[in-house]
Every structure is written in C-alpha cells, then in structure tokens.
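Bear in mind these aren't lab numbers, they're just calculated from the coordinates by the rules spelled out. Note that the structure is a prediction, hence the values are computed from the model and not measured. All Cβ positions, glycine included, derive from the backbone under ideal geometry; neighbour counts span all protein chains shown.
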Amino acid sequence: MEVILKSNIEKLGAKDEIVNVKPGYARNYLIPRGYAVAATTSMRKMHAENMKQRAHKETKILDDSQGLAAKLSALEIKIGAKASESGKIFGSVNTIQLSEALAKEGFVIDRKSISINEEHIKMLGTYEAKVKLHKDVSAVLKFEVVAE
C-alpha cells in the first residue's frame, strides 16, 4: 500500500515522500496517528501541486543548511562537567547539554537532531557528534569536555 508521509519517520522516509508499506502498518499505525495519508489519485494530485510550489523553497533551505553545516564544523565547543582528579566525569555528557551549549553560541538546534558517536561520555577529552540539519546535510561537531 502506498502512503504519503506527513512527517519524518526514521527508517521509513522523510516528509512528503510516497512510500510503499504493508497495509496493516498503514491502516493501524501510520494513518490513525496522522503520520501519513493514503496515496489515492486525488491525494497524489494535491501532493504533486504542493511539491511544485515547495521546490524553490527547498533549494533555499538546502543552501542555508549547508552554510550552517560549515559554521558548525569550524566551531569547537567546551562543555564543563564535574570530574574527579583521574578525569572521570560524575554523570555523563548527553545531547541536551550539547544543544544548550550550541544555543549559547547562537545556534538553535533541536537535541533530537544531534547524535553522539560514543555510547556514553564519561571521561574528559575531545569528542565528535553528528548534527543532522537537513535530510541531505549533516555536520560533524567537535566538542571538548573539560573539568569545571
């Protein structure tokens, strides 16, 4: 069964994509929760018209995302954490702290679009995180965990 996605769904597709899913998944999960609509003939026509109107806006958004990715790649953030003398952190550093540190630098980025490469950061040092800015653009953010 083909559906038109109304929002980004991980491992399925991005907003406004037409994807083929099993009928039960569409009827019981995607459509009732408002994540998708059935791809009928009339919905496909509306979708095509909306995509035409949105095409030039997407190029501007993509250019802005690429510019932001370049700025984030050049940026180095320091996150303060309480640590022992051996360099072990009390607690761990997570995406919420990265998002707050980016907000202090003037970049408002949702914590859900940030993924840290390591499982848990529990030591002082330099690390990398991946920031997804657009479905085609992501940036590598370098950050350093320092003792307070």
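How far apart, in nm, are the 7 Å Cα→Cβ label points at ASN20 and VAL146?
5.5 nm
At SER73 and MET51, where each label point lies 7 Å from the Cα along Cα→Cβ, what is the point-to-point distance in nanometres?
Going from the SER73 label point to the MET51 one covers 2.9 nm.
With Rg and the Kirkwood Rh both taken from Cα atoms, where does Rg over Rh land for the chain?
Dividing the radius of gyration by the Kirkwood radius yields 1.12.
Among LYS11/LYS88; LYS88/LYS112; LYS15/LYS122; LYS6/LYS78; LYS104/LYS135; LYS22/LYS71, which pairs are too far apart, with a Cα-Cα distance over 32 Å?
Numbers: LYS11/LYS88 35 Å; LYS88/LYS112 26 Å; LYS15/LYS122 36 Å; LYS6/LYS78 37 Å; LYS104/LYS135 25 Å; LYS22/LYS71 41 Å.
Check vs 32 Å cut-off fails for LYS11/LYS88; LYS15/LYS122; LYS6/LYS78; LYS22/LYS71.
For the peptides 137-147, 35-45, what is the packing order when you average, over each peptide's residues, the other Cβ atoms within 10 Å and list the highest mean first?
With the highest mean Cβ count within 10 Å placed first, the list reads 137-147, 35-45.
Excluding residues fewer than 8 places away in the same chain, name every one of the aspartates and glutamates whose C-alpha is closer than 12 Å to that of LYS142.
GLU76, GLU128
Note the full-extension length gain between SER92 and ASN8 as 0.36 nm times their separation in residues minus their Cα-Cα distance, in nm to one decimal.
Length difference between fully extended and current span is 27.4 nm.
In the chain, if the dipole is taken from +1 on Lys/Arg beta carbons and -1 on Asp/Glu beta carbons about the Cα centre, which of SER84, LEU30, GLY106 is farthest to the positive end?
It is LEU30, whose Cα lies furthest towards the positive end.
Mean separation of Cα pairs under 8 Å and 6+ residues apart, divided by the residue count of the chain: what relative contact order is that in percent?
20 percent
Let me know the volume per residue of the alpha-carbon convex hull for the stretch 69-147, in Å³.
Taking the convex hull of the Cα positions in the stretch 69-147, it is 80 Å³ per residue.
So how much slack lies between LYS112 and ASP63, counting 0.36 nm per residue of separation and subtracting their Cα-Cα distance, in nm?
Here the answer is 15.5 nm.
Through the Karplus equation 6.51 cos²θ - 1.76 cosθ + 1.60, θ set to phi - 60°, convert the phi angles of the stretch 136-147 into ³J(HN,Hα) values in whole Hz; use x for Gly and Pro.
After applying 6.51 cos²θ - 1.76 cosθ + 1.60, I find 10, 10, 9, 10, 9, 9, 9, 9, 10, 9, 10, 7 Hz.
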